[in-house]
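Notes to accompany the following structure.
Any read-out appearing in this document is the output of simple, stated calculations on the displayed coordinates, not a laboratory observation. Predicted model, so just to flag it, every value in this text is computed and none were measured. Note that each Cβ is placed from the backbone with ideal geometry, even for glycine, and that neighbours are counted across all protein chains shown.
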Protein chains: 2
Amino acid sequence: MRSSIADEQIVGLSEITEAAQRIDDLVLRTPVIELPHPVRSDEVLHCKAESLQPTAAFKLRGAYNAISQALPQAREHGVLAQSSGNHARAVAFVAHRLGLHAVIVMPENTPPTKVAAVRALGAQVELVPVAERDSRALQLAGEAEYVHVPPYDDVRVIAGQGTVGLELIEQLPNVDVVLVPVSGGGLISGVAAAVKALSPHTRVIGVEPELAADATDSWRAGRRISWTPEQTSRTIADGLRVTEIGAHPWEHIQRYVDDFVTVSELQIYAAMRHLAVAGRLVAEPSGAVAVAAWMHDLVPAEGTVAAVVSGGSVEPALLASVLNS
Amino acid sequence: MRSSIADEQIVGLSEITEAAQRIDDLVLRTPVIELPHPVRSDEVLHCKAESLQPTAAFKLRGAYNAISQALPQAREHGVLAQSSGNHARAVAFVAHRLGLHAVIVMPENTPPTKVAAVRALGAQVELVPVAERDSRALQLAGEAEYVHVPPYDDVRVIAGQGTVGLELIEQLPNVDVVLVPVSGGGLISGVAAAVKALSPHTRVIGVEPELAADATDSWRAGRRISWTPEQTSRTIADGLRVTEIGAHPWEHIQRYVDDFVTVSELQIYAAMRHLAVAGRLVAEPSGAVAVAAWMHDLVPAEGTVAAVVSGGSVEPALLASVLNS
């Protein structure tokens, strides 16, 4: 796919700093929380707590950056998105705050908490089988002139997510390693673009569930590799079930990312528990994978290590069972 | 007790702004998180998330402000504190970061999580019966020239806690009501001093458990009223079991605070659950009382309402049972 993306489609520092100014009024500058290592108490992980965004995840950054660049069309025709949850909620939140009509296509296996959050914001929700998510969104996009906000395969979205990296380098200028959850690749693309521009020595490492490791496979193969929805739906990390890295993210990953690692389901649960007890942060499974990689010594821990805790929308019963484990 | 406290012992804005500069390097400028009302989704509570401090509670502010003004003595003789947990952890944390010896007297009914956190910071812990906590600390203070850091009855501590109010007014300048958990009264004294100096129209309301309502009783009577340790130990909110408002806090409360309300144990549990699920914040019972008062419509909700979520150190099994309820 490399040839399909021109150089001007690669997000750099200027697009990210412009996004930061554009999204400032609705997006929280999230704190960086020190999480002690569960065994070696003198080691800490610096957690960028995107779980605290008003929509419970980083997705607000990219969605708002995209919508804010198409406001006249959005006001006239509304906005449209397809998402496993957090992107949907972000688009619905922006629409709610700006008074826009929003249509959201969600897969049927989305956790009820996430569906309810989107409906509470006044968006029109269409639940469809997982495999029909993208085709139904494209069909709707053909029926009216919605502003279609893709979840990750879009330079405006990537630039918005990149503001996580911009803030992190400002808050923790001496960071040596940054761990980032990977699904469609929008977050790590933006974060890596910002980090490499401002702190070239810092290593950026993607983290995936073992049960949804299409990006890790792609990284090792040097080309994008797809998994099936049946495969990726096995992980509890419902936000990371995308079956293939997006075309734009793939270009960014090849240029900017240093490595990929995977974590097991049990490691994800342990990270959720540790984040709640020792970090006072509620993370959803997808939001905890980068912490899981650090806790279980799957990444180099030399120097100052940071992780993006990407989201915090979790079913109460799941969090309770994790705490009791 | 009014006559025993001179006017120069009342904390004002200058002491609080000085404290803010003194404590900046170890204290987190905590975010203000919007929590939707559980029933009326168009209403939000602005939660000042002190649970995210590196010691899991606001106590770090006052402890560090006090210790930083007695550093030569602290370096030579060490620091001493008595506390139900979060103040102890704050003093131990400051001592650990500054390389000071720390002795902490803790009541025997302190939750194990809080005792372990203090020990992990290298402090020497003495567990004593609840009723002997203060007398044992005074005895130790007589044996060596420790810098004794009181948990609330101290103007340096009150000024440090006041930085919560200073930040809140900067972050939310149009706030109309501020809800604050009350135990010994140090937090509400400092917060109210800052809020009334910067935003005189804003109402400051103290919140206590019904089962440890000595401050509310005192407020209504116009004089300090004590409860017994047997009475206050009934509440799950272990951080709010102090049996009488401190002398210095009482002076501040009479000058600056507008009202007091109480919450039931079930209301506290409901607030912990709602904070975790809808706010992605882990709060301990004591940290959730102000949110409980708002959720259950026990305070005027007109205008912009904020609450201090004062701490987040909670036993995993308790949080799990709350999530399952």
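Ordering A:GLU251, B:GLU76 by the number of other Cβ atoms within 10 Å of each residue's own Cβ, fewest first, gives B:GLU76, A:GLU251. Who wins for biggest fluctuation among A:ARG97, A:ARG156, A:ARG119 in a Gaussian network model of chain A, springs between alpha carbons below 10 Å? Result for chain A, Cα springs under 10 Å: A:ARG97 fluctuates most. How far is the Cα center of segment A:86-152 from the Cα center of segment B:239-316, in Å? One Cα centre to the other: 36 Å.
Amide H contacts of A:VAL263: A:GLU208, A:GLU210, each under 5 Å away and 5 or more positions distant or on a separate chain (H built 1.01 Å from N in the peptide plane; Pro and chain starts excluded). Between identical copies, the spacing of B:THR304 label points, each set 7 Å from Cα toward the C-beta atom, reads 3.2 nm from nearest to farthest.
Between this copy and the others, label points of B:SER325 are 2.5 nm apart in ascending order, each placed 7 angstrom from Cα in the Cβ direction.
When chain B is turned onto chain A, its residue with the beta carbon nearest the axis, and that distance in whole angstrom, is B:ALA320, 2. Rg and Dmax of the protein assembly as shown, based on Cα coordinates, read 25.0, 82 Å.
The tail of the calculated P(r) for chain B beyond 35 Å holds 12 percent of all Cα-Cα pairs. Here segment A:1-156 is treated as a Stokes sphere of Kirkwood radius computed over C-alpha pairs; at 4 °C and 1.567 mPa s its diffusion coefficient rounds to 77 µm²/s.
Would you mind telling me which residue in B:THR163, B:THR262, B:THR17 has the biggest mean-square fluctuation in a Gaussian network model of chain B, where springs connect alpha carbons within a distance under 10 angstrom? Evaluated over chain B, the most mobile residue of the options is B:THR17. Report the calculated FRET efficiency for A:GLU210 and A:ALA247 (r = Cβ-Cβ distance, R0 = 25 Å), to the nearest 0.05. Calculated value: 0.55.
For A:GLU210, place a label point 7 Å from Cα along the Cα-to-Cβ direction in every copy; what are the distances to the other copies, in nm, shortest first? So the label point of A:GLU210 gives 5.0 nm to the other copies. Per-residue extension of 0.36 nm, minus the Cα-Cα distance of B:GLU265 and B:GLU170, leaves a gain of 31.0 nm for this segment. Short-range pairs are left out: with C-alpha atoms under 8 Å and at least six residues apart, the relative contact order of chain B is 21 percent.
For segment B:131-282, report the % of Cα-Cα distances exceeding 22 Å. Kindly include the intermediate steps, with their values, before the conclusion.
Working: 5271 of 11476 pairs.
Percentage above 22 Å: 46.
For chain A, the dipole from Cβ point charges (+1 on Lys and Arg, -1 on Asp and Glu) about the Cα centre works out to 420 debye, to the nearest 20.
Potential lengthening of the chain between A:SER41 and A:GLN9 amounts to 7.2 nm, from the contour at 0.36 nm per residue minus the alpha-carbon distance. Overall, the protein assembly as shown carries a charge dipole of about 120 debye about its Cα centre when +1 sits on the Cβ of Lys and Arg and -1 on the Cβ of Asp and Glu, all other atoms neutral. Building the convex hull from the alpha-carbon atoms of segment A:60-148 and averaging its projection over directions returns 4.9 nm². Can you tell me what share of the DSSP beta bridges in chain B is antiparallel? A percent to the nearest 5 is fine. Percentage antiparallel, nearest 5: 20. For segment B:39-101, the alpha-carbon coordinates run over 56, 21, 15 Å along the three principal axes, in decreasing order. Evaluated on segment A:1-88, the Kirkwood hydrodynamic radius is 15.9 Å, with distances taken between all distinct Cα atoms. Per-residue 3J(HN,Hα) values for segment A:67-75, derived from phi via the Karplus relation 6.51 cos²θ - 1.76 cosθ + 1.60 with θ = phi - 60°, read 5, 5, 9, 9, 5, x, 5, 5, 5 Hz in sequence order (x marks Gly and Pro). With R₀ set to 35 Å, the beta-carbon distance separating B:GLN73 from B:SER226 gives a calculated FRET efficiency near 0.65. Springs join every pair of Cα atoms under 10 Å in this Gaussian network model of chain B, and among B:VAL103, B:VAL308, B:VAL164 the largest mean-square fluctuation is at B:VAL103.
Can you pull the Rg over Rh of segment A:100-183, Cα-only, Kirkwood?
Details: Rg = 16.5 Å, Rh = 15.5 Å.
Value, to two decimals: 1.07.
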